[in-house]
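Beneath this line is the structure, given in structure tokens, with notes to follow.
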Amino acid sequence: MSIEVNFMIGGEAGQGVQSVGFMLCKALARGGYHIFADQDYESRIRGGHNFFRVRASDSPVGAVIEPLNFLLALNRESIDLHRGELGPDGIVIYDRAKITGIAEGDDLFGVPLEELAEIAGNKVMANTVALGAVAGLIGYDREKINQVLTEQFKGPVGEANIAAAKAGYDFTEQNFKGKTGFRLKQASDARRLLLSGTDAIALGAIAAGCKFIAGYPMTPTTPILEYMASKAKDHNIVVVQPEDEIAAINMTIGAAYTGMRAMTATSGSGFCLMVEGLGLAGITETPAVVVLGQRPGPAIGLPTRTAQEELEFAIYSGSGEFPRAVLAPATIEESFWLTTKAFNLAEKYQTPVILIIDHTIATSYTTVERFDLSKVVIDRGSLYPDKSVVKPEEYKRHQLTDSGISPRAFPGLSRALAITDSDEHDEAGHLIEDAKTRNEQVEKRMRKITGMRNEIAPPRRCGPHTAETTLIGWGSNYGAIREAIDILSKEGTKVNALHLSELWPFPADAMTDALKTCQTTYVVENNAAGQLAHLIRAETGFSVSGRILKYDGRPFTPAIIADKVRRKEVVAW
């Protein structure tokens, strides 16, 4: 019989909500459980309601679900806001000495968190006591908890936290008289990686040979910079935090021009500032990987929440016309592999590649199998053979070719004289004004789109081929859509899905063929405009039946999607 448990840790900023959630994830992963966890936090340093959801299962999972089995409430507000989300046998664990005046019920279990923490050494370890209390409720191997605490806290601090967790565990064993219905034992001996989306992107960049990253910190992509900085010495990576996003994109272009694999990472507001630099990469035919982490706008919007509002911005941004690729990973595992592909596409076609993610995929955690690094392919594209150089000035950086791709020579590393310009230029890179050369260079650059389109994967299909309803999505909604299909299938409703992870150049032929067999089609997106639906119509001429849209800054869950399909609550425009 399948085992699945759903936890939430709630509190205010500064109470260690994320720390407890992450340590619980690690401990359960050590027991062979599949994990999916997400976090919701406000854009303030201290105060404001935060929560961290952890789903553990003995089968793979790809989204958060309802209802909760356990709510670990570090403050009163968490009880007031989330008690109603408990399932029939759900339990709230709270500090009985600190949180008073709440309505009693079988779903409440009070633990003196701060008192036990003070006995163990310091009341700031109340969240560690809470972690031990949760482990005690589910009868989980306390040694797994101790391992995680030892890694998280070194020396005497680690020993004190182990004592605090033991105090919470022992109190629960001795005082809890109810039934939870959950006794989590070792699920398997499997050892998996526990990664966030930003972890996976950083690892993918390192595996792909990235040697330079510049970025101005912005939620949700800052952890990419932090991870790369932590590994910089091990992998000879230059990590720069410049004064702003304009400098970041220009530094990235400069590094790539000299032959380094280079990237930058930002969010929507920062990408706005990078757009001029994106055009510079386009006209100079310089490879650059840009990670765009979406969050709700306009302007600052909700800086710590999720959205899919910048798809068309990523595809069309920039002055003039130039080719680019846009990739949007559907899972944290795919975030690794699409990052490696982004570097290959950028160098092969000498153009910007945008890896577009959202806050959900950036900050969620999941367990993934170890990456097979033997499958990582590094394709540096067409490089100019140094032995071909007779006279340095004879090299043509923007030579006209049938593919639109000109062999690259790296300045200072070759006998060739590599020249380019942000003005329109001739084959040798010198600026021009005549119409003939302008036409030749525009057409040369645009010819790359044909080659790139051949490397874009078709939409992913799942569910019964003959379903009555098709859900169409992109990016991080994949897990929720997949599980919504399972929910509806058990009710007798046939639903399938088409999901896109590689969005530009748009796979129009493959999408058109897939849509021919569909009956009712709903696009599922975290935006108000239905941007993917608009893109599908523009590229294929196909109008979807309706749109399931969510733009409150929170991710879809399988239950939300399933309910919208049942009720046919879709946006018609």
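Just a few scattered comments:
- Qualifying residue in the stretch 140-160 (condition: of a type in the set (D, E, K, R) and in a loop (DSSP other than H, G, I, E, B)): yes
- Those helices (runs of 4 or more DSSP H) of the stretch 169-281 in which at least 2 residues are in contact (Cβ under 8 Å) with a residue 60 or more places away in the chain and among the small types (Gly, Ala, Ser), considering only elements entirely within it, cover 197-207.
- Within the stretch 392-417, the residues that satisfy the criterion of being in a loop (DSSP other than H, G, I, E, B), without any contact (Cβ under 8 Å) to a residue 60 or more places away in the chain and surrounded by fewer than 21 Cβ atoms within 10 Å (Cβ to Cβ) are 396, 399, 400, 401, 402, 403, 405, 407, 414, 415, 417.
- Filter result for the condition that a residue is assigned to a helix (DSSP H, G or I) and of a type in the set (A, V, I, L, M), over 330, 299, 342, 307: 342
- Test: residue in the stretch 505-512 that is crowded, with 20+ Cβ neighbours inside 10 Å, over 23 Å from residue 465 (Cα atoms) and touching a helix residue (DSSP H, G or I) at 6+ places or on another chain (Cβ under 8 Å): yes
- Any chance residue 48 is in contact with an Asp or Glu (Cβ under 6 Å, 6 or more places away or on another chain) and at pLDDT below 95: yes
- Selection within the stretch 350-384: residues that are among the basic types (Lys, Arg) and assigned to a loop (DSSP other than H, G, I, E, B). The member of this set that is farthest from residue 403 (Cα to Cα) is 370.
- Enumeration of residues in the stretch 405-422 that are under 18 Å from residue 432 (Cβ atoms) and not aliphatic (A, V, I, L, M): 406, 420, 421, 422
- Filter pass, residue 230 being in contact with a Ser or Thr (Cβ under 8 Å, 6 or more places away or on another chain), under 30 Å from residue 347 (Cα atoms) and not aromatic (Phe, Trp, Tyr): no
- Scanning the stretch 1-12 for residues that are within 24 Å of residue 158 (Cβ to Cβ) and either of a type outside the set (Phe, Trp, Tyr) or surrounded by fewer than 21 Cβ atoms within 10 Å (Cβ to Cβ) (or both) yields a count of 2.
- Within the stretch 91-130, tally of residues that are charged (D, E, K, R), in a strand (DSSP E or B) and farther than 18 Å from residue 51 by Cβ: 0
Residues are listed down the side, and each one gets a yes or a no for (1) of a type outside the set (D, E, K, R); (2) in the same structural domain as residue 86 (by TED's automatic domain parsing); (3) touching a Cys at 6+ places or on another chain (Cβ under 6 Å); (4) under 24 Å from residue 88 (Cα atoms):
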site: 113; (1), (2), (3), (4): yes, yes, no, no
site: 122; (1), (2), (3), (4): yes, yes, no, no
site: 126; (1), (2), (3), (4): yes, yes, no, no
site: 139; (1), (2), (3), (4): yes, yes, no, yes
site: 144; (1), (2), (3), (4): no, yes, no, no
site: 150; (1), (2), (3), (4): yes, yes, no, no
site: 162; (1), (2), (3), (4): yes, yes, no, no
site: 182; (1), (2), (3), (4): yes, no, no, yes
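- The single condition from (1) within 12 Å of residue 165 (Cα to Cα); (2) out of contact with any helix residue (DSSP H, G or I) (no Cβ under 7 Å at 6 or more places or on another chain) that residue 116 fails is (2).
- On the stretch given as the stretch 52-86, residues that are assigned to a strand (DSSP E or B) and free of Cβ contacts under 8 Å to residues at least 60 places away in the same chain total 6.
The values are calculated or read from the model by the stated rules, or taken from the named source; none is laboratory data. Here the structure is a predicted model, which is why all the values come from computation and not from measurement. Note: ideal-geometry Cβ built from the backbone for every residue, glycine included; neighbour counts use all protein chains shown.
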